[in-house]
Amino acid sequence: MYKLIWHMAWNALGRRRGRSLLVTLMIGASLWGLLFMEGIYDGMTEQMIDNTVKSDSGNLSLFAQGYRLDPSLDRLLPDSLLNQQILRTNPLIKSRSIRFSHTGLLATAHAARQVQIQGVPLEEEIVHAGLSDKLAQGRLHFGSDGNGAILGHGLAGKLRVSIGQKIILSAQDRQQNINSLVLKVNGIIRSGNQPIDDKILYMDIEQCREFLGVSQGFSQLSLILHNPDNTALLQEQLLRELDDSAIEILRWDQLYPALLQGRQVMKTFNLICNLLVFCVAGLGVWGVMTVSVLERLREFGIMIAVGTSFQQIRAQVLLESTLLGLGGFILGAGSGVATLLWFVEHGLNLEVFQEGLQAFGMDTIIYAIIRPDYFTTALIAILLACTASVILPLRRLKQARPVTILNSQ
Amino acid sequence: MDAFIEIAHLHKTFETSREVSTPALIDVSLTIPHGDFAVISGPSGSGKTTLLNLLGALDSPSKGTISLGQTMISKLKEAELSPIRRDRIGFVFQTHNLIPVLSARQNICYVMRLQGRSQQEQESRVAELAGKLDIEQLLDKHPDQLSGGQQQRVAVARAVASRPQLLLADEPTASLDSTNAERLLDLLEQLNHDEGVTVLISSHDSLVINRARHSIVLRDGRVVADHYERNDIP
Ligand SMILES: Nc1ncnc2c1ncn2[C@@H]1O[C@H](COP(=O)(O)OP(=O)(O)OP(=O)(O)O)[C@@H](O)[C@H]1O
Ligand SMILES: [Mg+2]
């Protein structure tokens, strides 16, 4: 019996090959578009989050209590914190980096700008922030004398400095004296996080402490986890173990709530896209199935006259529309995966929109993301649309007497 | 006389609109015995098609009853009717009898497949009927590749392939020339004889009417004549 229904449905589609192909293509194309958009937009959002996590917030960041409201040199985390068991040998933590931050003024012979001085242990920061991938010019090195500096791309541009050039950094130290130091530009990075790119000056943490008259301590400990899903868990652990009257422990989404919102906006956006595909598939299949049911009334009439039950005809029509939908899905998902895989590998180069994108903390090359739920959601949407689209034509068939169906046209 | 079909006080009225209703059959009572070869004739609009559709369980009467064997089909629901159409009745229409997406062979097998007959049984039945109806060469063609007469022959094969007790044919010769019409009638007679199928044909074609053993005449929805020819009374 199933074989017969299958046979009939397949034949019916085959007889209207052009039309079947057209709907399949239509569904396929809109699904392709959907997958492409989902993949690229998610890629953008995740890249934005990733850039921020790496260059600044980590999955979790620790600050001395009060530092974020009043970032003074007196509010530092002690070096001893790093020896705490929970931070030293925690299996959740993938990498950590300490940062010693202060504001200063960076000057060339022609221009000066306020900068965020970031004293870092370079080796750790390279791993932690993935700096090797972000290097735009020069190299990641503070020089044998420790007087090298690495600047954010935006800052270097505004000061019009280039690799090898000398710059003067001035800042007020802990004793309220103004100190200055000549540094050499060794590298320029593009982190994708605009506040960092516009303001940051990386220098050796020891050099920085000495320059600012501090013997020990740091302003921020940034932690990146093996699995970001454990962020809240680790936060809880740390809050329990560490003295939270002295230490503030914040997740990336607490530090950058807008990013989390961005992610949610994307989720809504993807849902709307799925709805659109649902409508396109639904309308396409509905149009085709309505026409094909109505123009086959005589055929169905004969089938009923020779003893086919309504259930069998319903199964056949449903199967026809499902096959159209599945065809479209396979086509769309196949081409979508292929396209996305390419963009996962090579990225989508949006250099034309460079300025706008960077203002949002995005890179000019956007690497797509592929998630299984793109496909499951789309498949469900398409199958639902296909089922919904034959309800009306089938109702017309069911309500009519066999003789009416037989004599239509 | 062994009654196979019993039609009692059958009325069928079509509600064309709110005010207008067309009585198509008025108080029709008929008895058709097993193995009958009956022709329903009458002028256009007299109710022939309406009667056949009611007998084929494609429509339901406004009043009155129809029994097929022991089954009162006029009382059954749509879901209960499809097995009756499938197993007990074969239908041949005036034109466009065949399912266009299927080949002649597949059309003939269609009802047998619905019945769940084995592949082997289907094949031997197709071979048998194809021989009788002289359609061996046509089996793999699709309906749109067949002439009207060829389509009607395939339709007859389809209608009897499932071994129905009753074969209903509504103006089966109307689209055929006289040679083809004669051939088709020969076949129906042969099937009636060989397989014991009760045959009921509607027609206003004298060619068909002359072949009737049992002649029923309708006029304006009423039976005006119902008699057996010569000594053909079964
Ligand atoms: N679906 C319908 N709606 C309204 N009236 C109908 C319908 N079907 C048939 N009739 C009417 O019922 C009457 C009998 O029609 P029927 O088709 O049974 O005649 P017929 O004897 O088969 O005629 P013909 O020889 O032209 O095929 C006619 O008056 C016709 O107009
Ligand atoms: Mg008629």
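Looking at the protein assembly as shown, the accessible area is 45 square angstrom per residue; that uses a 1.4 Å probe and ignores ligands, DNA and RNA. Here the contact order of chain B, divided by its residue count and restricted to Cα pairs under 8 Å and six or more residues apart, works out to 28 percent. A Cβ-based charge dipole, computed about the Cα centre of the protein assembly as shown with Lys and Arg at +1 and Asp and Glu at -1, lands at about 700 debye. In this structure the amide hydrogen of B:Phe37, modeled in the peptide plane, comes within under 5 Å of the amide hydrogens of B:Val199, B:Arg213, B:His214, none closer than 5 places in sequence on its chain. Each residue of the stretch A:332-343 was assigned a 3J(HN,Hα) from its phi angle through the Karplus expression (A = 6.51, B = -1.76, C = 1.60, θ = phi - 60°), giving x, 5, x, 5, x, 4, 4, 4, 5, 4, 4, 6 Hz with x at Gly and Pro. Scalar couplings 3J(HN,Hα) for the stretch B:52-61, obtained by applying the Karplus form with A = 6.51, B = -1.76, C = 1.60 to θ = phi - 60°, are 5, 4, 5, 5, x, 6, 8, 8, 10, x Hz; x denotes Gly and Pro. Toward the positive end of the charge dipole of chain A, with +1 on the Cβ of Lys and Arg and -1 on the Cβ of Asp and Glu, the farthest Cα among A:Gly33, A:Phe278, A:Leu341 is that of A:Phe278.
Against the criterion of solvent-accessible heavy-atom surface with a 1.4 angstrom probe, A:Glu46, A:Glu241 sort, most first, into A:Glu241, A:Glu46.
Assuming charge only on the beta carbon of Lys and Arg (+1) and of Asp and Glu (-1), the dipole of the stretch A:306-409 about its Cα centre is about 1100 debye to the nearest 20. With the Kirkwood sum run over all distinct C-alpha pairs, the protein assembly as shown has a hydrodynamic radius of 31.7 Å.
When the protein assembly as shown is described by a simple charge dipole with +1 on each Lys and Arg Cβ and -1 on each Asp and Glu Cβ, the residue from A:Leu331, A:Ile163, A:Val127 located farthest towards its positive end is A:Leu331. Using Cβ point charges alone (K and R +1, D and E -1), the dipole size of the stretch B:3-228 about the Cα centre works out to roughly 440 debye. When the surface is traced with a 1.4 Å probe over the full set of protein chains, A:Phe375 keeps roughly 40 Å² accessible.
Pull up the DSSP beta bridges for the stretch A:66-244 and report the antiparallel fraction as a percent, rounded to 5. Expressed as a percentage, antiparallel bridges in the stretch A:66-244 total about 75. Provide the percentage of antiparallel DSSP beta bridges, counting only those with both residues in the protein assembly as shown; round to the nearest 5. Bridges in the protein assembly as shown that DSSP calls antiparallel: roughly 70 percent. Only DSSP H runs of four or more residues enter the estimate; each adds -39500 (n - 2.57), and after division by the residues of chain A the mean residue ellipticity at 222 nm equals -18000 deg cm²/dmol.
Determine the order of B:Asp140, A:Asp229 by accessible area, beginning with the largest, at a probe radius of 1.4 Å.
Working: B:Asp140 110, A:Asp229 130 Å².
Sorted descending by solvent-accessible area, the residues read A:Asp229, B:Asp140.
Annotation: amide H of A:Leu350 within the under-5 Å range of A:Ile365, A:Ile366, sequence separation 5 or more or interchain, hydrogens built in the peptide plane. Amide H contacts of A:Lys94 (H built 1.01 Å from N, in plane; Pro and chain starts excluded): A:Ile224, A:Leu225, A:His226 sit under 5 Å, all sequence-distant by 5 or more or on other chains.
Just to make sure I understand: if all protein chains stay in place, what is the order of A:Leu255, A:Leu384 by accessible area at 1.4 Å, largest first?
In descending accessible area the options line up as A:Leu384, A:Leu255.
For the residues A:Gly152, A:Gly301, A:Gly33, a GNM of chain A with alpha-carbon springs under 10 Å puts the largest fluctuation on A:Gly301.
Classify the stretch B:3-228 as rounded, prolate or oblate, taking a ≥ b ≥ c as the square roots of the eigenvalues of its Cα gyration tensor: rounded when a/c is under 1.5, otherwise prolate if a/b is larger than b/c and oblate if not. Write out the running numbers ahead of the final one.
Values: a/c = 1.71, a/b = 1.47, b/c = 1.17.
Because a/c hits 1.5 or more and a/b exceeds b/c, the stretch B:3-228 counts as prolate.
The values are calculated or read from the model by the stated rules, or taken from the named source; none is laboratory data. In this text the structure is predicted, and so the values were computed from the model without any measurement. Backbone-built Cβ (ideal geometry, glycine too); neighbour counts: all protein chains shown. In case anyone asks, the SASA skips ligands and DNA or RNA and just uses the protein heavy atoms, side chains included. Shrake-Rupley method; radii C 1.70, N 1.55, O 1.52, S 1.80 Å.
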